[in-house]
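Only one structure is covered here, and it is reproduced in the block below.
What follows draws every value from the coordinates through simple rules; no lab data is involved. Bear in mind the structure is a predicted one, so any value in this text is a computation, not a measurement. Because the Cβ atoms are built from the backbone with ideal geometry, glycine has one as well, and the counts that use them run over all protein chains shown.
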């Protein structure tokens, strides 16, 4: 039986269908979750997609943090359930304090859409174990508020504990230490700004590297099932 | 009731027939005002006067253009693909037995000059709602932009704002921007053109109607609250010329967009359509409730009663005429069976969207609007929607056209040495109209939905519709105001031919047209003559090509004082691809592939980019158009895409062969070794803008097959050279070399640099 990956739709989510396609193409079973429903319907992992949840009111991701579904997701994450946040999903994870740091306005102050070259800095997370160590991948990066910031002590701690998951090779937004994605201590929660779900088919994406992110969580889940 | 005594009701109007009314300030002519009195048999109330002034404005009534636009209906080729055409919110064409596509291009020119960001943003929002209203899910947007000179200080205000507005709205509502065009010309300095296109897809069975039919059915207003924004937008902004003094501040007339609410509108409407909960639907755009109420009532079989105080308001103290005229964005009007009304309200609520029953469909044949129990409107709806004034305005060929025609660019001094021609290639690549537009397109999401197969800078955008079958569409949006200034009939056909060819270059078969006709004041007989010639050119061209005009938009009054813009018909062509995996991209293929030119190069430089960039010249007659040839070319390209016998293809247009090579080299990262045909004049061959030409890249081993496919269709093909990854840039044998670095240095980064970024 293939793993069930829940994809949350908030009002203003835009990449929910695309996330479902990525899960499906990688061999998983996508399950739609609703922001106003505390049930996560027995899924094995959760994918928070990109978009503008609640119209980016107040701050990106600030309102989504208080949604019914996020209470359940937070509890499940604490129990080790894999959770991925992409773009707005990453912002939601930071606002929810599932991940450290924050995402602020790009240093150049504009929304910019460009394929980003990234290095996979650690394969010891639920969402990167299928990549070769230090693999260089290409994913579309497209955001206006994707500049990763945190205080120096937090950044040092992230580096030392191997929780910087993706690093930009050509920093597109002024992110501190070129950080594109980070993980929590247990490695089950990962957030990144570039979009794996928009790099799953040669026909439509700059690469198919995004499949590796979903393949990782499927491998992680089947390994867990074997144990 | 005392607080409402000031309201001008039907009763008051009856009792005070001689009350002075501000019809002139609202843009109505005296005879139009008298006709309103005749229709009603009394003076109109304030609310009625506001409604007539809006619905009878140029923008809503097409009163100056109607007599000419009829040609589209008369000359449109019959095609079983056309499911809904002119007069609907957007044209709908069948793609296969199950799917249909709806698309339309519309202008938001005046608001984008006054307040660039919100003006452009709400232009995108408006066209998206037209697509929803047909029953489709919007799947992409595209835009055609024209600004004044790039180094004029005001362009640095208008362009970044417009791009920010298009990007902000499209990105937040979650639609990929799949291409378009951006041009600069001093004639657009005070009248920039912002034409936005949206396209949507639906199961054929989901096609919606705008009819308010079924007595007793409930009228529901869905979406944003109604505020004071945009009052007078269509009657004041879009239907009059900007004054030369520029002192009047029209900013409050521009609406403010909220793409988040629009995204919710899309999801709610599609849910309601799929659950078959809606009898009729109409979007609220320019002219707001006035237009939506009168159009749905006029299209239905009876009348309508509305209680205006039920409309949720954003501002206190709004009077009935304000509520009726407000152009607040992100609203839709639904006609719903009363048994299903509760479910409609519940589904809207689930998405956090306001939905309010404001009236009912009646069998009275009248549109009656009450405000706190007092009747403020009581009119026959058709008199607003369908029976507005129609003008057959005088036409006169511009006096200067004869002089312009003999001032041919072919006589201008040309570069003669190889070094001069080489420098001309670079200067052209660096010029505002030809340079790389990434600074703009990178501000747009292009990949949301995961179905964008080709986006900017390809000749056309290509979007997959169905992942199982691979069926998809290609769209291109093109205009050329310079050609249309020289000859509006030919200029319109050149734009049509280019959009048609751009779609064909991807391998798609063109099937339908939408147009946005941007002109000066219809009250100027010279402008009206240009308009008539352009419409005739499009109608004749579409008849010849066998593809119908499915809808579009007219934008008049694009002029400041006496200075009109170049006549600028912008043409959108939609094509279908049976399998998007076989689309033909831009590029140079692989090392050893043959580069060839299909079509004939003549000495045609009038109206060209070269004449403009190097001489600031506009004169002569535009290049010839051969629509038979274009049809053969499209047939060939479609065939070669199905047989996968082309590695790449690129339309030749502004800047000619030189620019096509620059773009292919810069995009692909490959080099090209080119040998011009014997006896060809290098300058003419590189810079002529003869139409009907395509640069193709033929994989090794396919040269003979492609040549014979061309010859069997009577299409001339000329081998020009080979693609080569080891060649650095462009090698033009016996003439000059340009390295890739030199090409990129000229071509890239220009827009941001010129805007001071």
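Quickly estimate the mean residue ellipticity at 222 nm for the protein assembly as shown, helices only: each DSSP H run with n ≥ 4 gives -39500 (n - 2.57), and the total goes over all residues, rounded to 500. Walk me through the numbers on the way to the answer.
Numbers: 31 runs with 319 residues, N = 984.
After summing the helix terms and dividing by residue count, I get -9500 deg cm²/dmol.
Report the antiparallel proportion of the DSSP beta bridges in the stretch B:482-581 as a percent, rounded to a multiple of 5.
Of those bridges, close to 65 percent are antiparallel.
Within 10 Å, count the other beta carbons around each residue, average over each peptide in B:111-123, B:331-343, B:685-697, B:216-228, and list them highest first.
Going by the mean number of other Cβ atoms within 10 Å, highest first, we get B:111-123, B:685-697, B:216-228, B:331-343.
Provide the percentage of antiparallel DSSP beta bridges, counting only those with both residues in the protein assembly as shown; round to the nearest 5.
Of those bridges, close to 75 percent are antiparallel.
Tilt of helix B:288-299 relative to the longest C-alpha principal axis of chain B, in degrees (0 to 90, nearest 10)?
In chain B, helix B:288-299 runs at an angle near 90 degrees to the longest axis.
Let me check against my output: what whole-number percent is the relative contact order of the stretch A:4-226, with C-alpha pairs under 8 Å and at least 6 apart?
For the stretch A:4-226, the relative contact order is 20 percent.
Within 10 Å of each residue's Cβ, count the other Cβ atoms and sort B:30, B:644, B:532, B:88 from fewest upward.
B:30, B:644, B:532, B:88
Sorted from fewest to most neighbouring beta carbons within 10 Å, what does the list B:632, B:263, B:20 look like?
The fewest-first ordering by Cβ neighbours comes to B:20, B:632, B:263.
By DSSP, what percent of the beta bridges with both residues in the stretch A:4-226 are antiparallel, rounded to the nearest 5?
In the stretch A:4-226, approximately 55 percent of DSSP beta bridges are antiparallel ones.
Would you mind calculating the relative contact order of the stretch B:119-176 from Cα pairs under 8 angstrom and at least 6 residues apart, reporting the percent as a whole number?
54
When B:420, B:663 are ordered from fewest to most other Cβ atoms inside 10 Å of their Cβ, what list results?
Numbers: B:420 12, B:663 24.
Listing B:420, B:663 from fewest to most nearby Cβ atoms yields B:420, B:663.
Mind ordering B:702-715, B:94-107 by average Cβ neighbours within 10 Å, highest first? It would help to have the intermediate numbers written out before the result.
Details: B:702-715: 14.9, B:94-107: 22.6.
Ranking the peptides B:702-715, B:94-107 by packing returns B:94-107, B:702-715.
Rounded to whole Å and ordered largest first, report the semi-axes of the equivalent ellipsoid of the protein assembly as shown derived from its Cα gyration tensor (root of 5λ).
Values for the protein assembly as shown, descending: 44, 41, 24 Å.
How tilted is helix B:488-505 with respect to the longest principal axis of chain B? Cα atoms for both, answer in degrees (0 to 90, nearest 10).
70
Taking every residue in B:463-473, how many Cβ atoms of other protein chains lie within 10 Å of its Cβ, on average?
Per residue, the number of nearby Cβ atoms from other chains is 1 on average.
Tell me the angle of helix B:703-712 to the major Cα principal axis of chain B, expressed in degrees between 0 and 90 and rounded to the nearest ten.
Rounded to the nearest ten degrees, it is 60.
Under the definition of Cα pairs under 8 Å and six or more residues apart, what whole-number percent is the relative contact order of the stretch B:246-390?
Normalised by residue count, the contact order of the stretch B:246-390 is 35 percent.
Is there a simple number for the mean count of other chain Cβ atoms within 10 Å of the Cβ of residues in B:436-448, and what is it?
On the way: counts 0, 0, 3, 2, 0, 1, 7, 6, 4, 10, 4, 13, 12.
Shielding by partners across B:436-448 averages 5.
Can you work out the PRE-style zone for residue A:160? Point 7 Å along Cα to Cβ, and I want the residues of the stretch A:80-112 with backbone N under 19 Å.
Answer for this model: A:100-101.
Within 10 Å of each Cβ in A:54-60, how many Cβ atoms from other chains are there, averaged over the peptide?
2
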